[in-house]
1. Residue A:3: more than 15 Å from residue A:93 (Cα to Cα) and either modelled with pLDDT of 95 or more or away from every other protein chain (no Cβ under 11 Å) (or both), yes or no?
2. Pick from B:96, B:18, B:31: which is more than 27 Å from residue A:40 (Cα to Cα), free of Cβ contacts under 8 Å to residues at least 12 places away in the same chain and surrounded by fewer than 18 Cβ atoms within 10 Å (Cβ to Cβ)?
3. What single numbered condition from (1) closer than 27 Å to residue B:99 by Cα; (2) part of a helix (DSSP H, G or I) fails to hold for residue A:95?
4. Please determine, by comparing only the residues of segment B:124-141 that are away from chain A (no Cβ under 14 Å) and without any contact (Cβ under 8 Å) to a residue 12 or more places away in the chain, which one is surrounded by the most Cβ atoms within 10 Å (Cβ to Cβ).
5. Identify, please: which residue in segment B:104-123 is at pLDDT 95 or above and surrounded by fewer than 22 Cβ atoms within 10 Å (Cβ to Cβ) and is, among those, nearest to the other protein chains (Cβ to nearest Cβ)?
6. Is it true that some residue in segment B:107-126 is within 17 Å of residue B:62 (Cβ to Cβ), touching a strand residue (DSSP E or B) at 6+ places or on another chain (Cβ under 7 Å) and outside any helix (DSSP H, G or I)?
7. Which of (1) in contact with a strand residue (DSSP E or B) (Cβ under 6 Å, 6 or more places away or on another chain); (2) surrounded by fewer than 16 Cβ atoms within 10 Å (Cβ to Cβ) does residue A:97 not meet, given it meets every other one?
């Protein structure tokens, strides 16, 4: 079973990103992945990337810059708009890693 | 889901008022939260700052809503405050700080330790994309009906 390190980013670094990382974990686990999820706010991303391995970023707030890691906008999980597309993209991306 | 019932979350519903600005709304809600001893004295300034930097307006499939929240260190006891306003209040879109979102539905989320409450967060997230409950939220104006809806979330 492949383990994915997912970083979930939101403005507070806790509330919305926890909602998203729970959901993303649920989706990926149902696809047979093991998930290590971490949350932070946009200002915490750089430090986090130096201290640990991150395979995938999901974000609800805009990031400070582009990272060399696959990044998926997770707003559809909150709004419902484009939710299926998000799920499909997430699974496709996870399988490609 | 069993955990839901064991976590006491204070629920407050405020309806039927006009707010000339987001600041006035935040003042009103902060005063209520201070009265109930649910937040620290810094809450107003922190929620204002957070919303300006990382806005929480959302354009959901079933209408506009905002979910203001700030760091748990300014929260003493967990709460959900649902405000249904008479006029639309301007927020900015979570995905784009330049884009206004006008809404009459605002849910203030206050959690003490977020890591212990994943089920509630999950439940809140499911609620935002749940057609039936989002439409119910838009249609109903009664405090007890809206309180019932919050109790249904967590």
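The values are calculated or read from the model by the stated rules, or taken from the named source; none is laboratory data. Please read all numbers here as calculations on a predicted model, not as lab measurements. When we count neighbours, we look across all protein chains shown, and the Cβ atoms used for this are built from the backbone with ideal geometry, even at glycine.
1. no
2. So the residue among B:96, B:18, B:31 that is more than 27 Å from residue A:40 (Cα to Cα), free of Cβ contacts under 8 Å to residues at least 12 places away in the same chain and surrounded by fewer than 18 Cβ atoms within 10 Å (Cβ to Cβ) is B:31.
3. (1)
4. Per the stated criteria, the residue is B:140.
5. Top of the filtered list is B:107.
6. Checked segment B:107-126: at least one residue is within 17 Å of residue B:62 (Cβ to Cβ), touching a strand residue (DSSP E or B) at 6+ places or on another chain (Cβ under 7 Å) and outside any helix (DSSP H, G or I).
7. Condition (1) is where residue A:97 drops out.
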